[in-house]
Amino acid sequence: MPTITLKVREKGYELPSYSLTGDILGYLRCGLQYRYTRLGKMPPRSPVQLWFGNFIHGCMDEGFRRYKAAREKKLSHLQAMQEVDPDIIIPFIEERLLNQGVAAWEPWLKLLGYARARVALLELGPHLFPLISQSEVRLTGSRDLKPLPPPKVFRRADHYEMVGVIDVVTDVEMTTHGGNQVVELVKAKLGALPERFELIIDYKGSRRPPNLKSISGQNPSLWDQYEWQVLTYAELRAKQIGSKPVAAGIVIYVNELLPLEGDLFDLERETSGVTQKNGVQLSTDQPVDLSLIKAWRGAAKVAADGAEKEQESLMKAGDKTADLKASRKLTTAVPWDVRLRRAMRMVKNESASRIVSLQAFDGTVYKIECCRGDEFHGKQIVSAWDTNATDQSTCAACDSRTWCPSFSKHHAGGKPVSPEPPKVKAAVP
């Protein structure tokens, strides 16, 4: 009687899951900070970026929801935009975040967040909301994971799950949306476009970074990271049922819609091509006439001082809407066309560029797995995890800088090596 040898079924295992923003971009910012805040779940002492990012995303999503509901009632575009009322949306989102335990820790931060949300809703919204087909679109996909070196192996995994959430997906028909300012900018940047296509849009609560290919020898710049992000979204989106051709990814830098004096100082340095002490020359793909920037800086300082005084006065008088009222006074002299052009960064969806972005993120996941393996096998946390002290805003928001070996190395006496912007109220990084 013939015998059959049965193989033992291999034990099942769970694919490690990595979020594009929370994990991959978080690690690229700084591995040690990622280890403490993301994996270790140590809440930051002053969660500036957490509140600002969630607040802006929440306001834009709620604004679109109200606009869409009005359009479904057959109201005109102008009538629908009247439903997008910042004085209603801003307190609504603020209360929602407070219920989640997320709050603005400083009055100035709240004032700035309110003002930028107002500008985004009232000035960007009329051009963006008519294009949106979906918001908060969840994506997932499986990617190969290169085998770890034997000394770093700590679990069985030959693939990993990549997950992400697209802030906005637009459905653009050129015959319907011709003349829209967002569409016109896309056409000017990308040239020929299909008759119907999608744009993937991601909001960033920051200013437009200098277009440096590498700020240091090891760490990719934010310019590269955000390009990789939207291109990876495009790859994952293309595999979803019902998706249309993705023409481009758009990163919207919300701070450019209402720049402060410090933001304009950085723009002045980038337009001038200033060389930092670390030998890196600053540059920008959207330069502006230097004489105009100087005038805008003066107006920005006057507006910020006036808004802050208004806020303090109303708070002393016991006005519970002090932040909301004062936010109306935080205005800018920078023309709308300049602000929109600097706020929108378009990344063409090309096969070669997508391959680069996917390989970059695959490599980042591999590095994270190696760091986790080193810690698993006994290395101390500060030795096992990579650090990055080259980005000033990352270190400024990090509670670990007091014991971080990289911070003391790159910042003599706790002061950044590169020149400081003017001493004005701090903008959200």
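Show me the trypsin sites (Lys or Arg not before Pro) within the range 247-310 that DSSP assigns to loop and that have at most 16 other Cβ atoms within 10 Å of their Cβ. Write out the running numbers ahead of the final one.
Working: sites: ARG269, LYS277, LYS294, ARG297, LYS301, LYS309; in loops: LYS277.
Hits after loop and neighbour filter: LYS277.
What relative contact order, as a whole-number percentage, does the range 92-224 give when Cα pairs under 8 Å and 6 or more residues apart are counted?
In percent, rounded to a whole number, it is 19.
Specify the angular offset, from 0 to 90 degrees and rounded to the nearest 10, of the alpha carbon long axis of helix 48-72 from the longest principal axis of the alpha carbons in the chain.
70
Would you mind working out the magnitude of the charge dipole of the chain relative to its Cα centre, with +1 at each Lys and Arg C-beta and -1 at each Asp and Glu C-beta, to the nearest 20 Debye?
Taking the Cα centre of the chain as origin, the dipole is about 620 debye.
Could you pull out the pairs from LYS146/LYS379; LYS294/LYS320; LYS152/LYS239; LYS244/LYS348; LYS41/LYS316 whose alpha carbons sit more than 26 Å apart here?
LYS294/LYS320; LYS152/LYS239; LYS41/LYS316
With point charges of +1 on the Cβ of Lys and Arg and -1 on the Cβ of Asp and Glu, referenced to the Cα centre of the chain, which listed residue (VAL169, ALA192, PRO209) lies farthest in the positive direction of the dipole?
PRO209
Which value in deg cm²/dmol, rounded to the nearest 500, describes the helix-derived mean residue ellipticity at 222 nm for the chain, given -39,500 (n - 2.57) per DSSP H run of n ≥ 4 and division by the residue count?
-13500 deg cm²/dmol
Fewest to most neighbouring Cβ within 10 Å: what's the order for SER283, SER327, SER17, SER393?
Fewest-to-most ranking of SER283, SER327, SER17, SER393: SER17, SER283, SER393, SER327.
Rounded to a whole number, what is D in µm²/s for the chain from Stokes-Einstein with the Kirkwood radius over alpha-carbon pairs (25 °C, 0.890 mPa s)?
Values: Rh = 23.4 Å.
The diffusion coefficient I find is 105 µm²/s.
Can you tell me which of TRP228, TRP108, TRP403 moves the most in a GNM of the chain? Springs connect C-alpha atoms under 10 Å apart.
Per the Cα network of the chain with a 10 Å cutoff, TRP403 tops the list.
Just want the ordering: TYR67, TYR226, from fewest to most Cβ atoms lying within 10 Å of their own Cβ.
In order of increasing Cβ crowding within 10 Å: TYR226, TYR67.
DSSP loop (so not H, G, I, E, B), at most 13 other Cβ within 10 Å: list which GluC sites (Glu not before Pro) in the range 183-259 pass both filters.
GLU195
Treating the beta-carbon of each Lys and Arg as +1 and of each Asp and Glu as -1, no other charges, what is the dipole magnitude of the range 50-155 about its Cα centre, to the nearest 20 debye?
Dipole of the range 50-155, to the nearest 20 debye: 580 debye.
Please list, in order along the range 280-286, the HN-Hα scalar couplings obtained from phi with the Karplus expression 6.51 cos²θ - 1.76 cosθ + 1.60 (θ = phi - 60°), rounded to whole Hz, x for Gly and Pro.
In residue order, the calculated couplings are 8, 8, 6, 7, 9, 7, 10 Hz.
Amide H of SER19 versus every other amide H placed in the peptide plane: which residues, excluding those fewer than 5 positions away on the same chain, fall under 5 Å?
Distant-sequence amide H within range of SER19: ILE24, VAL163.
Bear in mind that the values in this text are calculations on the coordinates, not laboratory data. Just so you know, these numbers come straight off a predicted model, no measurement behind them. Here Cβ is always computed from backbone atoms with ideal geometry, including for glycine, and neighbour counts include all displayed protein chains.
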